[in-house]
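Take a look at the structure set out below.
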Amino acid sequence: MDVFNNYAEVLAAKDFTSLWGVGIESAIYAEKNAIDLANGIPARKIIKRYVGEHIFTSDNLVNGTPTDLLAVYNASVSTADQLTDNVGWVPTLRLHVDEVSEVKAIVTSQAGAGIIDSTLP
């Protein structure tokens, strides 16, 4: 799965489990995403392992700070539960990728209910 140029805002720690679940046979490529976490939510909780092993993360922001999400996750778990960045593929179908520093502003101003022009093809 290609996860890029997304903005996520987690408003409360209660009931938060993860944003990206690494499942069996998954190969997540997560790049240039902006994530704002409420106080009390550590960046290590963005990724959760569900039997899978493969996630590549690059150039992501957490609360405005560049964060190596895979390294943060791996540092918080036992060696047996660590994940690899070898996903076996690189995205090739992207038409445009915004800089991560612009993602939050672009998404909050141009996406979501009541913002997108549904009359466009």
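The values are calculated or read from the model by the stated rules, or taken from the named source; none is laboratory data. Being a predicted model, the structure only gives us computed values, none of them experimental. Note: ideal-geometry Cβ built from the backbone for every residue, glycine included; neighbour counts use all protein chains shown.
Points worth noting:
- Total residues in the stretch 59-91, condition among the hydrophobic types (A, V, I, L, M, F, W, C) and within 12 Å of the chain's Cα centre (by Cα): 4
- Only listed residue being surrounded by 14 or more Cβ atoms within 10 Å (Cβ to Cβ), among the polar types (S, T, N, Q) and under 26 Å from Gly112 (Cβ atoms), chosen from Asn5, Asn39, Asn63: Asn5
- Qualifying residue in the stretch 5-18 (condition: part of a strand (DSSP E or B), closer than 17 Å to Ala71 by Cβ and either among the hydroxyl-bearing types (Ser, Thr, Tyr) or in contact with a strand residue (DSSP E or B) (Cβ under 7 Å, 6 or more places away or on another chain) (or both)): no
- Just one of the listed residues (Ile55, Ile115) is β-branched (Val, Ile, Thr) and at pLDDT below 95, and it is Ile115.
- Val51 meets all of the listed conditions (1) farther than 18 Å from Glu9 by Cα; (2) touching an Asp or Glu at 6+ places or on another chain (Cβ under 7 Å) but one, namely (2).
- Search result, residues across the stretch 69-97 that are surrounded by 16 or more Cβ atoms within 10 Å (Cβ to Cβ) and in a loop (DSSP other than H, G, I, E, B): Leu83, Val87
- Among the residues of the stretch 1-39, just one is basic (Lys, Arg) and either within 18 Å of Thr84 (Cα to Cα) or without any contact (Cβ under 8 Å) to a residue 40 or more places away in the chain (or both), namely Lys14.
- Tally of residues being assigned to a strand (DSSP E or B) and either modelled with pLDDT under 95 or within 27 Å of His96 (Cβ to Cβ) (or both) across the stretch 22-36: 9
- Among the conditions (1) of a type in the set (Val, Ile, Thr); (2) modelled with pLDDT of 95 or more; (3) exposed (fewer than 13 other Cβ atoms within 10 Å of the Cβ), Ile46 misses just one, which is (3).
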